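Each remark here refers to the structure printed beneath this line.
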Amino acid sequence: MKPLVLIRHARTRIDPDGASRDWSLAAGAETDSRILAEQVATDLARAGIDRVVTSHEAKAIETGTIMAASWSAECTVGEGLHEHDRTGVPVMDDLIWQTSLKQLFAEPTATVLGRETAAEAAARFERGLRAVLSSHPADGLAVVTHGTVLALFVANHNRVEAYAFWQTLKMPEALYLERTSFRLTGRRSL
């Protein structure tokens with residue numbers, strides 16, 4: 001069976017005056033993306049990635065474009081794969097940010113940050129991912145997305161606690177999943 005790899009985008013340049021959805025990659029993130037792409041190619045050997053689908057956010061598109069070039073794969077943008085909607089949420093001190101995210105994961109039906117609950121973000125992401133899988137059933141797929149929706153999705157399909165899993169995610173990181181059960185079978189980061 002062709003692989004399904006979910007990828008958290010590479011490190012970003014934080015712009016406190018701009019929306020996080022518009023942030024681009026930080027210095028050195030292009031190199032990190034290429035290195036991770038090479039490691040994923042080695043891990044997958046013959047199975048390979050035929051198509052990269054990214055969220056519509058700049059940091060995901062940039063990461064996906066770099067990786068797709070490494071794999072000679074097509075790169076497109078998919079619907080519903082973006083991060084939890086944090087419209088209007090300012091850049092926060094790390095302690096406040098961690099506390100807010102912990103609350104978001106602990107209270108999935110409450111609007112904690114931005115305009116979307118964790119449950120709404122998880123459902124939207126899963127619909128988007130299933131649409132990608134349905135549209136490209138024969139392709140080895142890499143989906144470049146974001147930490148919170150990745151953690152929510154993996155927790156919904158595996159025996160992991162979402163916040164604890166989120167804390168372990170690197171930028172960039174690749175998660176290998178079974179295509180039907182979404183069981184996490186491996187990880188790769190720098």
Checklist outcome for this item: For the chain, longest principal axis from Cα atoms; helix 58-71 axis from its Cα atoms; angle between them, nearest 10 degrees, is 10 degrees
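Over the chain, what is the relative contact order in whole percent, taking alpha-carbon pairs under 8 Å and six or more residues apart?
Numbers: 368 pairs, mean separation 60.1, N = 190.
Value for the chain: 32 percent.
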Item to check | trypsin sites (Lys or Arg not before Pro), loop per DSSP, at most 15 other Cβ atoms within 10 Å - longest free stretch of the chain | outcome: 47-114
Checklist entry - Pick from Val89, Val77, Val53: which is most flexible by mean-square fluctuation in a GNM of the chain where alpha carbon atoms under 10 Å apart are linked? => result Val89
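Among the DSSP beta bridges whose two residues both lie in segment 1-147, what percent are antiparallel, rounded to the nearest 5? Walk me through the intermediate numbers first.
On the way: 1 of 14 bridges.
Antiparallel bridges make up about 5 percent of those DSSP assigns within segment 1-147.
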Item to check | Apportionment of accessible area to carbon and sulfur, segment 1-157, percent (1.4 Å) | outcome: 51 percent
Checklist entry - When the distances between all Cα atoms of segment 1-139 are binned every 10 Å from zero, what whole-number percent does each bin get? => result 11, 36, 34, 17, 1
Checklist outcome for this item: For Ser24, Ser33, Ser70, Ser135, the accessible-area ranking with a 1.4 Å probe, largest leading, is Ser135, Ser70, Ser24, Ser33
Next on the checklist: Positive end of the dipole of the chain, charges at C-beta (+1 Lys, Arg; -1 Asp, Glu), about the Cα centre: which of Val160, Gly88, Thr63 has its Cα farthest in that direction?
Outcome noted: Val160
Checklist entry - Which GluC sites (Glu not before Pro) does segment 36-136 hold that lie in a coil by DSSP with at most 13 other beta carbons within 10 Å? => result Glu79
Checklist entry - In degrees from 0 to 90, rounded to the nearest 10, what is the angle of the helix 147-157 Cα long axis to the longest principal axis of the chain? => result 70 degrees
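With +1 on each Lys and Arg Cβ and -1 on each Asp and Glu Cβ, and nothing else charged, work out how big the dipole of the chain is about its Cα centre, in Debye to the nearest 20.
Values: 21 positive and 24 negative charges, 116 e Å.
Computed charge dipole of the chain: roughly 560 debye.
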Item to check | Spin-label proximity, Ser181 to segment 158-174 - amide N less than 15 Å from point 7 Å beyond Cα toward beta carbon | outcome: 158-160
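The values are calculated or read from the model by the stated rules, or taken from the named source; none is laboratory data. Computed from a prediction, not measured in an experiment: that's the story for all the values here. A quick note on method: Cβ atoms are made from the backbone with ideal geometry, for glycine too, and the neighbour counts reach across all protein chains shown. These accessible areas exclude ligands, DNA and RNA; they are computed on the full protein's heavy atoms, side chains included. Shrake-Rupley method; radii C 1.70, N 1.55, O 1.52, S 1.80 Å.
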